[in-house]
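In what follows, a structure is listed as structure tokens, so that the remarks can point back to it.
The values are calculated or read from the model by the stated rules, or taken from the named source; none is laboratory data. In this text, all values refer to a predicted model and were calculated from it rather than measured experimentally. Positions of Cβ are generated from backbone atoms using ideal geometry, with glycine treated the same way; all protein chains shown enter the neighbour counts. In case anyone asks, the SASA skips ligands and DNA or RNA and just uses the protein heavy atoms, side chains included. Shrake-Rupley method; radii C 1.70, N 1.55, O 1.52, S 1.80 Å.
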Amino acid sequence: MKITIAKDAGYCFGVRDAVNMAYDASEKHGEVFMLGDIVHNENVVQDLEKSGARVVDNLSDIPKGKPVLLRAHGTVNSTWDEAKNKKMTVIDATCPLVHEIHREVRMLEEEGRKIVIIGDHGHDEVTAIADQVKDAVIISTKEEATKIKRTRKIGVVSQSTQMIENVQGIINVLMTRIVDIRFINTICYPTKRNHQQIKELSKISDLMIIIGSFTSANSKRLTELSKQRNKKTYQVTCADDIKDSWFENVEKVGVSAGASTPDYLIEGVESKIKKIAKERRK
């Protein structure tokens, strides 16, 4: 059985840096506190908890003198202001590409444009982007785009992990309703690379395994992209989720992983597949 792991499977640089910052901060300060999960992967959060990186819901839950780490997805301005007013030590683990989206939407608003964000409602990254401007509109589907109020000038950005197909479809709808559109493509390049690799690998594989938490939007999108091209696609959180029965009459297995999936989970899945293949040869 041939196993092919997508070149850019797993951690993107933004997530890797954020997780490393959490480990470094907990080692330096004894403890560090994060507002919510640093990334959307329960295995990573559990590992960090063991090292002293704790998850809290509010800044008021953090003991005096202890640092707060603001996570990769971005943080609303009121939280930044509150931490500053309390003179807390803030460790900014926001992905640099997310910071760039924040700058882009503020610039578009300065041009007098109504801001439209293509992204998942309620997602941490989208919430933080919307908080950079006044009255941003969030659109996740083409159907929602048909209901947008007619406005002369809009500025459009997207959540960094959106699928280009969804963004293009929404832009096409907006073009039928809005006179003046300025679109800035803010899908990050790690996402673009991973999506392209999934499209190619799923076509040449008998079976696809996508590793990632079911709370991770980008992992679910990888699974969706793969399923569109290969019906034998399964999303797993770790090697324990894999079933031997999936591999009947399978010769080529493709593997990829979401941007919040650590290397050891990918290695564990690869080892499990190799073990299944070995058993089948007996």
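Given the criteria closer than 26 Å to Val156 by Cβ and either of a type in the set (Ser, Thr, Tyr) or open to solvent by less than 20 Å² (accessible area, probe 1.4 Å) (or both), does Gly10 qualify?
Working: closer than 26 Å to Val156 by Cβ: no; either of a type in the set (Ser, Thr, Tyr) or open to solvent by less than 20 Å² (accessible area, probe 1.4 Å) (or both): yes.
So Gly10 fails the test.
Taking the options Thr94, Thr79, name whichever one is within 23 Å of the chain's Cα centre (by Cα) and in a loop (DSSP other than H, G, I, E, B).
On the way: Thr79 fails: in a loop (DSSP other than H, G, I, E, B).
On inspection, the qualifying residue turns out to be Thr94.
I'm trying to understand the selection: among the residues of region 20-34, which are more than 15 Å from Val98 (Cβ to Cβ) and either open to solvent by less than 20 Å² (accessible area, probe 1.4 Å) or in contact (Cβ under 8 Å) with a residue 12 or more places away in the chain (or both)? Reasoning before the result, please.
Of all residues in region 20-34, those more than 15 Å from Val98 (Cβ to Cβ) come to 20, 22-34.
Of everything in region 20-34, those that are more than 15 Å from Val98 (Cβ to Cβ) and either open to solvent by less than 20 Å² (accessible area, probe 1.4 Å) or in contact (Cβ under 8 Å) with a residue 12 or more places away in the chain (or both) turn out to be Ala22, Tyr23, Ala25, Ser26, Glu27, His29, Gly30, Glu31, Val32, Phe33, Met34.
Within region 248-267, how many residues are open to solvent by less than 30 Å² (accessible area, probe 1.4 Å) and not aliphatic (A, V, I, L, M)?
Just the residues of region 248-267 that are open to solvent by less than 30 Å² (accessible area, probe 1.4 Å), to begin with: 250, 253-262, 265-266.
Subsequent filtering for residues that are not aliphatic (A, V, I, L, M) retains 254, 256, 258, 260-262.
Of the residues in that region, 6 qualify.
Name every residue in region 114-151 that is over 26 Å from Ile38 (Cβ atoms) and in contact with a strand residue (DSSP E or B) (Cβ under 6 Å, 6 or more places away or on another chain), in order of residue number.
Residues of region 114-151 over 26 Å from Ile38 (Cβ atoms): 114-116, 134-135, 137, 139, 141-151.
Lys114, Ile115, Val116, Val137, Ile139, Ala145, Thr151, listed by residue number.
Do the conditions hold for Arg71, that is, is it modelled with pLDDT of 90 or more, surrounded by 14 or more Cβ atoms within 10 Å (Cβ to Cβ), within 21 Å of the chain's Cα centre (by Cα) and of a type in the set (D, E, K, R)? If you could, list the steps in order and put the result at the bottom.
Details: modelled with pLDDT of 90 or more: no; surrounded by 14 or more Cβ atoms within 10 Å (Cβ to Cβ): yes; within 21 Å of the chain's Cα centre (by Cα): yes; of a type in the set (D, E, K, R): yes.
The answer is no for Arg71.
Looking at region 48-68, which of the residues that are free of Cβ contacts under 8 Å to residues at least 24 places away in the same chain and outside any loop (DSSP other than H, G, I, E, B) is surrounded by the most Cβ atoms within 10 Å (Cβ to Cβ)?
Looking at the filtered set, the residue picked out is Arg54.
Among the listed residues Val236, Val250, which satisfies the condition of being more than 20 Å from Val15 (Cα to Cα) and in contact (Cβ under 8 Å) with a residue 12 or more places away in the chain? Talk me through it step by step, then tell me what you get.
Working: Val236 fails: more than 20 Å from Val15 (Cα to Cα).
Answer to the check: Val250.
For region 215-224, state whether one or more residues are under 30 Å from Ile38 (Cα atoms) and acidic (Asp, Glu). Give the steps one after another, and end with the answer.
Filtering region 215-224 down to residues under 30 Å from Ile38 (Cα atoms) leaves 215-224.
Checking the rest, the ones that are also acidic (Asp, Glu) come to 224.
Within region 215-224, one or more residues are under 30 Å from Ile38 (Cα atoms) and acidic (Asp, Glu).
Take the residues in region 84-140 that are of a type in the set (Gly, Ala, Ser) and modelled with pLDDT under 95, then tell me which one is least open to solvent (accessible area, probe 1.4 Å).
Within region 84-140, the first condition is being of a type in the set (Gly, Ala, Ser), and the residues that meet it are 93, 112, 119, 122, 128, 130, 136, 140.
Remaining after also requiring modelled with pLDDT under 95: 93, 122.
Values: Ala93: 4, Gly122: 65 Å².
It comes out as Ala93.
Considering only residues that are closer than 28 Å to Ser158 by Cα, touching a strand residue (DSSP E or B) at 6+ places or on another chain (Cβ under 8 Å) and in a loop (DSSP other than H, G, I, E, B), which ones fall in region 248-269?
Answer for region 248-269, where residues must be closer than 28 Å to Ser158 by Cα, touching a strand residue (DSSP E or B) at 6+ places or on another chain (Cβ under 8 Å) and in a loop (DSSP other than H, G, I, E, B): Gly258, Thr261.
What pairs come out if I take residues in region 87-101 that are within 9 Å of Ser160 (Cβ to Cβ) and pair them with residues that are among the charged types (D, E, K, R) and surrounded by 18 or more Cβ atoms within 10 Å (Cβ to Cβ) whose C-beta lies under 9 Å away, six or more apart or interchain?
Cys95/Glu125; Val98/Glu125; Ile101/Glu125
Are there any strands (runs of 3 or more DSSP E) wholly within region 178-247 with 1 or more residues that are surrounded by fewer than 15 Cβ atoms within 10 Å (Cβ to Cβ), and if so which?
Working: elements: 180-183, 207-211, 233-236.
Because the criterion is at least 1 residues that are surrounded by fewer than 15 Cβ atoms within 10 Å (Cβ to Cβ), the strands (runs of 3 or more DSSP E) in region 178-247 that meet it are 180-183.
Which of the following residues is closer than 18 Å to His73 by Cα and either in contact with an Asp or Glu (Cβ under 6 Å, 6 or more places away or on another chain) or polar (S, T, N, Q) (or both): Gln162, Gln168, Gln197?
Details: Gln168 fails: closer than 18 Å to His73 by Cα; Gln197 fails: closer than 18 Å to His73 by Cα.
Testing whether each residue is closer than 18 Å to His73 by Cα and either in contact with an Asp or Glu (Cβ under 6 Å, 6 or more places away or on another chain) or polar (S, T, N, Q) (or both) leaves just Gln162.
For region 123-146, check the following and say yes or no: at least one residue is over 22 Å from the mean Cα position of the chain (by Cα) and at positive phi.
yes
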